[in-house]
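Remarks on the structure that follows.
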Amino acid sequence: MTSGTPDAPLDLHATPASIGPFAERDWSTPHGLPPFERIQPAHYLPAFEAALASHEAEIAAIADETAPPSFSNTVEALERAGHDLDRVASVFFNLSGSHTNPELQAVERAITPRLARHGSAIYLNAALWARISAVATEGLDPERARVLDRYRTRFRRAGADLAPEAKTRMAEIAGRMAELGTRFSQNLLADEGAFALPLESEDDLAGLPPFLRAAAASAARERGGAHSHVITLSRSLIEPFLVFSTRRDLREKAYEAWTRRGENGGDTDNRGLIAEIVSLRAERARLLGFDSFAHFKLSDTMAGSPDRAMDLLRNVWTPALNRASAERDRLQALVRAEGQDFALARHDWRHYAEKLRRAEHDLDESEIKPYLPLEGVIAAAFDTASRLFGLRFEELAGAPRYHPDVRAFAVRDADGSEVGLFLGDYFARASKRSGAWMSAFRSQERLNGDIKPIIVNVMNFAKAPEGEATLLSFDDARTLFHEFGHALHGLLSDVTYPLLAGTAVAGDFVELPSQLYEHWLEQPEVLRAHARHYRTGEPMPEDLLKRLLAARTFNQGFATIEYTSSAIVDMTLHLSSAGEDGLDVAAFEADALKRIAMPAEIAMRHRSPHFAHIFSGDGYAAGYYSYLWSEVLDADAFDAFREAGDIFHPDTAARLRRYVYGAGNLRDPGEAYIAFRGRLPSIDPLLRQRGLAA
């Protein structure tokens, strides 16, 4: 269902029968997992309405309390409120991203603006803000002081200090933004689901290795079997197709569809939504006294200002551009060496880069994949966590699942105590949005009892045919380690207050645990133990391992340009007020790229019409730079283990768990990093890591 499809009237009347399992205070399932098989789409809206009414009553009671404001009767009361709403929302929004359907999409369109209005009503409640402002800070321990400070920051940034008419406008903007973000996401999912490139003949399949042929056949069966093989817009299918296909015309067709998502006209076109989103964000920032949305967003981050973030991007851009130019020249020479006379195009780069990698490093992606079966990479991620933090993982049979492919693992600490539950949802399907992410069905806390987290990793790997092993590329394996780093950030959280738990940290700090975890995948010690042939069980040959690691910085000019251009366009959009005059998204993007001398042969990793990071919600808006900011941290952080002479050094790992993975938002991110490392990082390890150092 697209955003242009009229929805049927929705029944919002809440009764115990109408909300199904959400009427139960506790679920008697293993580890308190949601009873997915008993939750129906019709339960969600009535359950949301009941939970919203309950939360509104709790907020009113706090705001109307007659006793003098205290941390206990105001801040702790806020932290205890909204349990039912959190539970309904966590189940619903996890499924709306990972296993949606037209009924859930209709609920999403109805409920997101309602939730936005509810949030605005809380943050703009004058009586509640007066009580929070009056809570005394004297005598509070560091965690309580941090919670109070974060609440005050949140309320101010939501407009609690504004005049009444400005508060009204802030609430209107929040509601509209929720609608627009939902439509953006659903449009993108519709465009991704609508495209399939059929490959019928042997000529269509030219160049594709067996693993990719099998994945394309599996995708065709999932799409109804009308074709023998199809390439969909799942990254795990389209990227290897662009690498291996020798049919330049088909590569161009697939690449065009991939880069034009959200920009195809009709009901699913996102360009008009982007113009309104950018305009509304700029207006909200001005109401709060900031020069731009970027200034507003970065005022509560490690970077602190757009200038500091842009300085980092520029410092990386120049050496990356030089490197990418040299890479382009070598690829163009390869085209000519094959007797071709065309100019290298965007849909050619991956194909010829793979040929160059074979020539320079004697390395073939299809040679690597048999040693990276999904099971082996999962085992590597788990074993790394065990050696660093003492964790143990036990797969559970019979636990509730929202899809048959989902796997559940009980996580225990070194002393046998329960840490939490980990869910792995690894395969692409039409009901799942693209990308990879970590989320929580339940976050850790101790305020309302010893609450253990339920964390999920969602991927989009191409599933192998029944009975065969799913083989990953090295980039796929890196993605799994990345998301599992986020999962550990949620699982190892060790705080009292929900507001501070897990990944609830500054946007340019949240990628540190995930990106840092990627480093262990690249260590010979880990690969020797876990990179084993999916059929024979033999370890990756030492020569192949050395060639793989020697090629780590291959094509890094391209990769850095792809990413950094997206981050620069994101920041440029949100430093401007272009949306107010009717933003021409394509023209703005083209102009921003022209000003930084973007190579014609490389495209942004995420073009604006499908840039879900920044337009499906505010999470990474004016914040896509954070991956690079966190990479400065992670490159320096892994050096701590190198300096200790042991990639699993116990004391270093203990500090890492205490101050990074387990600490949530207990302290300022800069203070947290210094507590772990003893100092702030420099950019040098990052440039070395990407092969961009002079």
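The values are calculated or read from the model by the stated rules, or taken from the named source; none is laboratory data. This one's a predicted model, so the numbers in the text were calculated from it and none came from an experiment. Positions of Cβ are generated from backbone atoms using ideal geometry, with glycine treated the same way; all protein chains shown enter the neighbour counts.
When you scan region 240-302 for helices (runs of 4 or more DSSP H) that lie fully inside it, which ones turn up with 2 or more residues that are farther than 30 Å from N460 by Cβ?
271-287, 293-298
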Review point. Which residue, of S133, S98, S120, is hydroxyl-bearing (S, T, Y) and closer than 30 Å to E671 by Cα?
Key: S133
Review point. Can you spot a residue in region 149-159 that is in contact (Cβ under 8 Å) with a residue 12 or more places away in the chain, aromatic (F, W, Y) and closer than 22 Å to T496 by Cβ?
Key: yes
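Taking the stated definitions as given, is N448 more than 21 Å from S218 (Cα to Cα) and assigned to a strand (DSSP E or B)?
Here the answer is no, as N448 does not meet what is asked.
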Review point. Where residues in region 549-562 are out of contact with any Leu (no Cβ under 7 Å at 6 or more places or on another chain), of a type outside the set (S, T, N, Q) and surrounded by fewer than 22 Cβ atoms within 10 Å (Cβ to Cβ), which of them is modelled with the lowest pLDDT?
Key: R552
Check your understanding: Could you say which residue among T168, T153, T182, T100 is assigned to a loop (DSSP other than H, G, I, E, B) and hydroxyl-bearing (S, T, Y)?
Key -> T100
Revision key, fill the gap. In region 18-43, anything part of a loop (DSSP other than H, G, I, E, B), out of contact with any helix residue (DSSP H, G or I) (no Cβ under 8 Å at 6 or more places or on another chain) and not charged (D, E, K, R) is listed as S28, T29, L33
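Grab the helices (runs of 4 or more DSSP H) fully contained in region 590-694, keeping just those with 3 or more residues being in contact (Cβ under 8 Å) with a residue 40 or more places away in the chain. Walk me through how you get there before you give the answer.
Details: elements: 612-615, 626-644, 650-656, 669-677, 684-689.
Per the criteria, 612-615, 626-644, 669-677, 684-689.
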Check your understanding: What about V458, is it surrounded by fewer than 23 Cβ atoms within 10 Å (Cβ to Cβ) and more than 20 Å from Y517 (Cα to Cα)?
Key -> no
Exercise for review: Give region 300-326 a look and list any residue that's in contact (Cβ under 8 Å) with a residue 24 or more places away in the chain and within 14 Å of D508 (Cα to Cα), or say none.
Suggested key: D300, T301, M302, A303, P306, A309, M310, L312, L313
Review point. Quick one: would you say A430 is over 25 Å from G262 (Cα atoms) and not polar (S, T, N, Q)?
Key: no
**Study point:** The listed residue being touching a residue at least 60 places away in the same chain (Cβ under 8 Å) and not in a helix (DSSP H, G or I), out of S493, S514
**Key:** S493
Review point. Going through region 461-490 one residue at a time, which ones are in contact (Cβ under 8 Å) with a residue 60 or more places away in the chain and of a type in the set (G, A, S)?
Key: A462, A464, A469, S473, A477, A487, G490
Check your understanding: What are the pairs, 6+ residues apart or on separate chains, where a residue within region 51-70 that is in contact (Cβ under 8 Å) with a residue 40 or more places away in the chain has its Cβ under 8 Å from a residue that is surrounded by 13 or more Cβ atoms within 10 Å (Cβ to Cβ) and in a loop (DSSP other than H, G, I, E, B)?
Key -> H55/A81; H55/G82; I59/A81; I59/N125; I62/A81; A63/N125; P69/V135; S70/V135
Study note, to complete from the structure: Residue hits (region 335-366; surrounded by fewer than 16 Cβ atoms within 10 Å (Cβ to Cβ), assigned to a helix (DSSP H, G or I) and without any contact (Cβ under 8 Å) to a residue 40 or more places away in the chain) are R336, A337, R358, A359
Check your understanding: Taking R690, is it surrounded by fewer than 21 Cβ atoms within 10 Å (Cβ to Cβ), basic (K, R) and not assigned by TED's automatic domain parsing to the domain that holds T503?
Key -> no
